[in-house]
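Reviewing the structure listed below.
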Amino acid sequence: MAILARSGDRAGAIRLYRATVATLERELGVQPLAETTELYEAIRDDRFTTPGRGPAPELAQPPAHGPEETPAATRLPMVGRDAALARLEDAHAAVSVDGRIATIRGEAGIGKSRLAEAIAATVAARGGHTLAARAFPGEGAIAYGPIAELLRAGLSMDDASRRLAGLPPTVLMEVARLVPVPAELAVRDATPAAASPAARARLLDAIAATIGALVAGPSPGLVAVEDLQWADDASREALRYLARRLAGRPLLLVLTWRAEELDGPGATFADAVEALPGTVAITLDRLAAPDVSRLVAAADGTGWDAGNLAAESEGLPLYVVEALAAGPGAAGEAPRGVRALLRERLASVSETAGQVLATAAVIGRTFDLGTVRVASGRSEDEAIDALEELVRRAIVREVDRGGEPVFDFSHARLRDAAYEDIGLARRRLLHRRVAEVLRSGGRQDAARLAQIAGHELAAGRDAEAADAYRDAGRLARAVFANREALEHLSAALALRHPDLVGIQLAIGEVRTALGDYAGAIAALEAAA
């Protein structure tokens, strides 16, 4: 690791550490030595320095400051994005009978979410209804994850039943295969339709019709889906279907992604969407020095040198905001990496808040009160007090979606930093608890089973993970999410599920549906 870091291959050193951890866990069931972990953290946080002759590398120590309270990033103004916001507002104003599309692309921490929130506020001020969802890392195999989040957000509105009352029962039956619909609409249980292109088209059309109905109103609505570089193929297909069929649906469809992290199918999706007529494509650049100065002034950044901060951050908004949140004591001596700043913020919380935060990081970017309370083992009062502290410190934010409170990490990097600080033994315990909570309540659809499988696998319970992957694969196949079904079934096979014949047979059927006839023959012969 030290040799790779000295040679400039920082990513290679990080990959080597993670491979080493996996090998130690699999072969010996132990964690790496503290010195190895310290070296990894120094390389990851860009604190590694070239040592002199000696047995171990030197580690640059982080500053020992820690302000009692950090300013909330949400109070800072949005700077350097006036032109981009104006283009989005013009696109929404131009919506009449037919909808329009806008895309926002940019690197991590560039401010895509902040811009999406700004246009959502504009639409709400104009009297329009908004639906928002996002994809998350590690959830690309969960079929229709962001789509289901959009539908759940819309169905949680008080007048959801009235909005959906005009839809045909067949549309509601298709949507009910993904999320529960209001009981008063009297939709009977959805049954799998015949596997055919027409059946798949019915599902996609039902999704588009339902989303359009949920944001319909006197003023054009907004549908925003963020971080599509992590989305599953089924969700991208549904969004592409909606984007091509905005005639008669007065809404603005806003999609965001990181171009550098798109895979092959994701890049094809992005190019296809931006090639549609009338699409407003926005690429966000880093902030200029005057914009950083405005942020420093807005944060009352006494003690900060705006010029130095602009140079050190290279104009990345996330870096600037987190550096200001860390307090003026960090000026001139804070580590260069954003992760180090985030970890300093996390270290300032109380013990109870830290335990709840660790549980939330295991659950994912978004989490609810009930799950985090049960999985953390804390009482309801303790969990609420801890979450209030985390909200006050702008580490998480409360999202009002109706019903039980839902919380979201204010930045994906904060969730990553909190997760990496959890020890292996406790991480496994928390993953097992979260899996048990997910299994004990709610309907077990493909997305939920895939989440359960991921938590069981992280908990070291391969047999339980294999069962969940097999069931998730079967349910994903029922809604024509064939690629996701193949991933789930293959995962169950890799985990040595005892039902080898049934899984190979199911894989053969899925590969047939995907047109991979050679692979289908191989799977069916294996089943035989």
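Throughout, read-outs are computed from the coordinates displayed, never taken from laboratory work. Just so we're clear, the structure is a prediction, and the values are computed from it rather than from any experiment. Neighbour counts run over all protein chains shown; Cβ positions are idealised from the backbone, glycine included.
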Among 112-120, 345-353, how do they line up from the highest to the lowest mean number of other beta-carbon atoms within 10 Å? 112-120, 345-353
Using only Cα atoms, locate the centre of segment 94-108 and the centre of segment 110-169, then give the distance between them in Å, rounded to an integer. 14
Whether segment 2-44 is rounded, prolate or oblate, judged on the alpha carbon gyration tensor where a/c under 1.5 counts as rounded: prolate
DSSP-defined antiparallel bridges as percent of all bridges, the chain, nearest 5: 30
Taking 0.36 nm per residue of separation between residue 300 and residue 379 and subtracting their Cα-Cα distance, the length gained on full extension comes to 24.6 nm
Only helices counted: for the chain, with every DSSP H run of 4 or more residues adding -39500 (n - 2.57) and the sum spread over all residues, [θ] at 222 nm is -17000 deg cm²/dmol
Prolate/oblate/rounded call for the chain, Cα gyration tensor, a/c under 1.5 rounded: oblate
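Based on the mean of other beta carbon atoms within 10 Å per residue, what is the order of 483-491, 367-375, most packed first?
483-491, 367-375
Gain in length, residue 89 to residue 37, computed as 0.36 nm per residue apart minus the alpha-carbon separation, to one decimal in nm?
That pair, residue 89 and residue 37, stretches by 13.9 nm at full extension.
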Length released on extending from residue 272 to residue 462, taking residue separation times 0.36 nm less the Cα-Cα span: 64.5 nm
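Give the calculated FRET efficiency between residue 159 and residue 443 to the nearest 0.05, with a Förster radius of 22 Å applied to their Cβ-Cβ distance.
It comes out at approximately 0.40.
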Mean-position separation - Cα centroids, segment 231-281 and segment 474-523, in angstrom: 27
In debye, nearest 20, what is the charge dipole magnitude of the chain about its Cα centre with +1 on Lys and Arg Cβ and -1 on Asp and Glu Cβ, if you could check? 960
Answer in debye to the nearest 20: the dipole magnitude of segment 346-422 about its Cα centre, from +1 Lys/Arg and -1 Asp/Glu charges placed on Cβ, is 280
